[in-house]
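Colleague: Quick one: structure below, then a few questions.
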Amino acid sequence: MRLLFAAGLMAFAAACSPAAPAGPTAEDVAAESQKLTAYLNAEFEEELAMNPMMLTSMGRKELYGQLGDFSEGDAEKQLVWRRESVAGMKAQIDPAKLDDDAKTSWAIWELELARAETRRQWQRHDYIFGFGGPHTGIPNFLITYHKVDEPADVDAYVARIAKLGPALDQYVERTKLAVADGIRTPKFGYERTATEAKNVITGAPFGPGDDSPLFADFKTKIGALKTAGKATPEQEKAWLDAAAAALTGQVKPAYERLIAWLESDMGQAPSGKVGALMLPKGADWYNVVLELQTTTKMTADEIHELGLSEVARIHAEIDKIREAVAFNGDKRAFFDFMRTDKQFYLPNTDEGRAKYLATAQGYLDAMYKRLPDYFGRLPKAPLVVKRVEAFREQPGGAAHYYGPTPDGKQPGIFYAHLIDMSAVSLWALESLAYHEGVPGHHMQIAIQNELTDIPVFRTQYGYGAFAEGWGLYAEDLGRTMGGFTDPYNDFGRLSSELWRAVRLVLDTGLHAKGWTEDEAVAWAMANSARPESSIKSEVKRFLLNPAQATTYKIGMIAIQKLRDEARAELGDKFDWKAFHDTVITGGSLPLPVLETRVRTWIAKVKAG
């Protein structure tokens, strides 16, 4: 009786209380979400107007003759714009009326302001020249993304060549500002940049020899235009003269100024112990850049310990491979065998390089046939495998991927450094093909570029922990999908994962624990099978780009944990295609945002 009476009182009270305000209707949510998308698309167009090279990378030809403003003043201008953009979003949009995906867009746009504010505080700590600087980055951008379909495109190319010199000068001025703050690239970065800069301005029209990289590309593109009947021989000659004048008149002097400054300042560049701890407020900077790169709050100590733990775990897996192939020796001897035995390397000849590229293509062709079993959405853009251009090729340099344009006219490119064939093993190639190609970077980035149901900025923004984490996740997924039937290639898969675990140890060792370059190389030699020349190249890369090397393993583990969580929660309802589409059809995401997206999907599947 008492319980029934109490229940009756509660019901009466509820009936007499003012009605709770109704939540937004489905129509309200749809309208407000569409309003946010329209707002963000308009804002992103404003951002693109300040970044002509991003427009070109998207396959668009507005501002086609421009490169952009690369000064600190322009960086400040874009930060002010982003502050105003986020303030406008908050003033015009009601976040309580957004659907789940619109909430994701809101969160990323807001997060990008916070990240931009942080970068502005530490902007001079980034090494502009050293690893993939603008001295090679802008020429490679023009070669890869500036398409010539009409005569006007040639005029735009000439205009951009002329603007390369002033752009380089702006970057040099920013580097000098950093030097004034006590921040210098390690000496080997100076040396590398000087060599690469000289490569860009070697050959015609700068001097005798073969055509220089930009001039050769320019000739090829206008030659194709003439063949298509869109240019006369007289136009071709005029364009060649204009390009030669821009290269010799603007580009060469700017590169010579860069080289002269590098050589004059090189004596003051640090060597030996050159990690982040040697920079002003270096420990603070490293913590900041770890968060920017990983999109997590993990500390350097936590990452270092994770690396040591993962190295030990993967070593145990490698021991199983060593026993399976009946190798007579311990793990250290097995590493030396895999690192040096000639059966695992192709000759350092054009024939060897051609076979390497063909072998990579073979792995990709086989994997393409398996994709429909694990992915609902497939990329439309083609994928090609290429050797890195000679002017920026490095012995032991890391393979990498260039994304396609959204229209698919520019394919995705899997680039390999093949100047030193002793640094690129065959046993590593299968996992590398899956990482850079499919189901790795090409699968994720090409699909991201092709998305049409999210704000456009989400098809172009990227987060290293997501993208590199997906690439490494894809290597392991390749085994699930039927790859790695050769035990030595399966060692390559484990070796690749091991190297990413080693990177956690090396990066934090170099930048948080005071390791020298030689100490890092020695530790890596003892704990991996990677060729020595490749290890040395990689360690230099880590020193020039702090924390980037930590993104692979941290991102992979995050995606694997979400997959395992989904399988445990959903049981028979778990579907590989649905899981993978959930991960990669939202664009590149910060890891916390990815967690929310996947868990929302899990809840919806469970609810039926």
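Readers should treat all values here as calculations from the given coordinates under stated rules, not as data from a laboratory. The structure displayed is predicted, hence computed values, not measured ones. No Cβ is skipped: glycine too gets one built from the backbone with ideal geometry, and neighbour counts run over all protein chains shown.
Colleague: Of 219/380; 61/163; 281/513; 187/273, which sit over 19 Å apart, Cα to Cα?
Modeller: Table pairs above 19 Å Cα-Cα are 219/380.
Colleague: Now for a separate question. Which of the aspartates and glutamates could be linked to residue 97 by a straight reach, that is with a Cα gap under 13 Å, when you skip same-chain ones fewer than 8 residues away?
Modeller: 27, 28, 32
Colleague: Of the listed peptides 367-377, 545-555, what is their order by residue-averaged count of other C-beta atoms within 10 Å, with the highest listed first?
Modeller: My ranking of the peptides, most packed first, is 545-555, 367-377.
Colleague: Also: Under the definition of Cα pairs under 8 Å and six or more residues apart, what whole-number percent is the relative contact order of the range 336-482?
Modeller: 26 percent
Colleague: Specify whether the C-alpha gyration tensor of the range 134-271 places it in the rounded, prolate or oblate class, a ≥ b ≥ c being the square roots of the eigenvalues: rounded for a/c under 1.5, otherwise prolate if a/b is larger than b/c and oblate if not.
Modeller: Note, shape of the range 134-271 comes out prolate.
Colleague: Between beta-carbons, use under 15 Å as the cut-off and find the net charge around residue 277, counting Lys and Arg +1, Asp and Glu -1.
Modeller: Here the count lands on -1.
Colleague: Still on this model: Counting only DSSP beta bridges with both residues in the chain, tell me the antiparallel percent, nearest 5.
Modeller: Bridges in the chain are about 35 percent antiparallel.
Colleague: Let me ask you something else. Would you order 495, 264, 57 from fewest to most other beta-carbon atoms within 10 Å of each residue's own beta-carbon?
Modeller: Listing 495, 264, 57 from fewest to most nearby Cβ atoms yields 264, 57, 495.
Colleague: Which whole-number percent is the relative contact order of the range 16-142 (Cα, under 8 Å, 6+ apart)?
Modeller: So the answer I get is 27 percent.
Colleague: Taking square-rooted eigenvalues a ≥ b ≥ c of the alpha carbon gyration tensor, is the range 24-98 rounded, prolate or oblate, where a/c under 1.5 means rounded and, failing that, a/b exceeding b/c means prolate?
Modeller: Oblate, because a/c is 1.5 or more while a/b does not exceed b/c.
Colleague: Over the chain, calculate the relative contact order: mean separation of alpha carbon pairs under 8 Å at least 6 apart, over the residue count, as a percent.
Modeller: 16 percent
Colleague: What nm value, rounded to one decimal, do you get for the distance between residue 46 and residue 533 when each label is placed 7 Å out toward the C-beta?
Modeller: 5.1 nm
Colleague: Restricting to DSSP H runs of at least four residues, report the calculated mean residue ellipticity at 222 nm for the chain, -39500 (n - 2.57) per run over all residues, nearest 500 deg cm²/dmol.
Modeller: Rounded to the nearest 500, the figure is -20500 deg cm²/dmol.
Colleague: Compute the separation of the alpha-carbon centres of the range 140-159 and the range 243-262 and state it in Å as a whole number.
Modeller: 20 Å
Colleague: I've got another one for you. Hey, fewest Cβ within 10 Å first, where do 565, 430 land in order?
Modeller: Placing the least packed residue first, the sequence is 565, 430.
Colleague: Continuing with the same structure: Could you list 507, 94 in order of exposure, starting from the residue whose Cβ has the fewest other Cβ atoms within 10 Å?
Modeller: Lowest count first: 94, 507.
Colleague: Going Cα to Cα from residue 561, which lysines come in below 19 Å? Please leave out same-chain ones fewer than 8 positions away.
Modeller: Those lysines meeting the cut-off are 297, 553, 573, 577, 604, 606.
Colleague: If the cut-off is a Cα-Cα distance under 17 Å, which lysines reach residue 386, setting aside same-chain residues fewer than 8 apart in sequence?
Modeller: Partners within reach: 355, 409.
Colleague: Given the peptides 453-462, 315-324, arrange them by the average over their residues of other C-beta atoms within 10 Å, most packed first.
Modeller: Going by the mean number of other Cβ atoms within 10 Å, highest first, we get 453-462, 315-324.
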